[in-house]
1. Looking at the range 168-221, what % of the alpha carbon pairs are farther apart than 16 Å?
2. Could you calculate, for the range 1-89, the ratio of the Cα radius of gyration to the Kirkwood radius, expressed as Rg to Rh?
3. Between the range 357-394 and the range 146-168, what is the separation of their alpha carbon centroids in Å?
4. Hey, can you rank 129-135, 355-361, 116-122 by average C-beta count inside 10 Å, highest first?
5. Springs between alpha-carbon atoms under 10 Å, Gaussian network over the chain: tell me which of 127, 390, 188 tops the mean-square fluctuations.
6. If you take every DSSP beta bridge whose two residues both sit in the chain, what share of them, in percent to the nearest 5, is antiparallel?
7. Fewest to most neighbouring Cβ within 10 Å: what's the order for 304, 246?
8. Cα gyration tensor of the chain, axes a ≥ b ≥ c as square roots of the eigenvalues: rounded (a/c below 1.5), prolate (a/b > b/c) or oblate?
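FYI, it's all coordinate maths here, none of it is from the lab. All values reported here derive from a predicted model rather than from experimental measurement. Note that we place each Cβ from the backbone using ideal geometry, even for glycine, and neighbour counts take in every protein chain shown.
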Ligand code: CA
């Protein structure tokens, strides 16, 4: 259930905020030396849900308040959608402008600038898909055959690989440029060097909220019951390391030195208004990948590059609706062989490019493998990310005057260590 679109909060919500009362995302914050707590956010105000829970407002839902006194959302998410959605609904009632009983909640409210957001979930497993047809086509054109850009399996399988969970970090964490083996152009022997081709990948990730047993499979029409919510995701990529290492077993050290998520998990329920059709899938997919209904989401995505001491330039405008394979199909495919899933797993979409040149979701595509320069507001140009550049990803849906967004996913690339 979505929260009433006409609702307003008694907490001030700035114009163009990602966090109206209809969003109610979940995250984890810490203030100073205190214990981390589970929180939500309205406008620029973080709401400490452990403090709210101590007012006894969730006791009729049979929720143990201790799930809010945690460093990760996993135990809260594991309560199940019925309870977590009831919590969203209750928060919407407490902070609705019609509620005049406001004084008792003041101690739960903190300005967002006074807290530090932490990694929202403890990630057990991480999968990265490759589900944007425009991205896969661009990469195929650049590195293989422009006439046969997609590999023969691409339109039959939501292609993916298992990545590294431990190096997924929260927005605001800065990442050092990785070092590794690269094969300089025209050479036959590799050298050891800091990556010279640092890139971002604009992605959206979903977090699972229910587990399955080994051997179980999730059908597409049940997949969304297992999806708790979504975050923005920056799959930082060292293209030169990746290029030398990826045959035959796929991405490894070019990808696992740091991936960045936005701190608030926006629930699937909050994103209901933005459902839309996906690309028509042709050829027809196998039965276990067939689906009904609208499974794509119209969520505007933007990437900004900010050089040190300069203003940010928007270098990409894309949309989550450009996914060829939707999340229900990805999860059905992930589990079709009996692979089990857990609460807090992260499944990233793959780079989300659209059909237009300014909608490409990586520097690799924007600069067309380094053949073109990307112009910045301060007069600089880029082909790949330079040291001390900050990459900012933003995402939001907008309908009937209500904007629901993710907040920013920010990381700065530091010089190699
Ligand atoms: Ca990726």
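1. In whole percent, the share of Cα-Cα pairs in the range 168-221 beyond 16 Å is 69.
2. On the way: Rg = 13.2 Å, Rh = 13.8 Å.
Rg divided by Rh gives 0.96.
3. Distance between centres, Cα-based: 23 Å.
4. Result, highest mean first: 129-135, 116-122, 355-361.
5. 188
6. 90
7. 246, 304
8. Numbers: a/c = 1.79, a/b = 1.43, b/c = 1.25.
Prolate, since a/c reaches 1.5 and a/b exceeds b/c.
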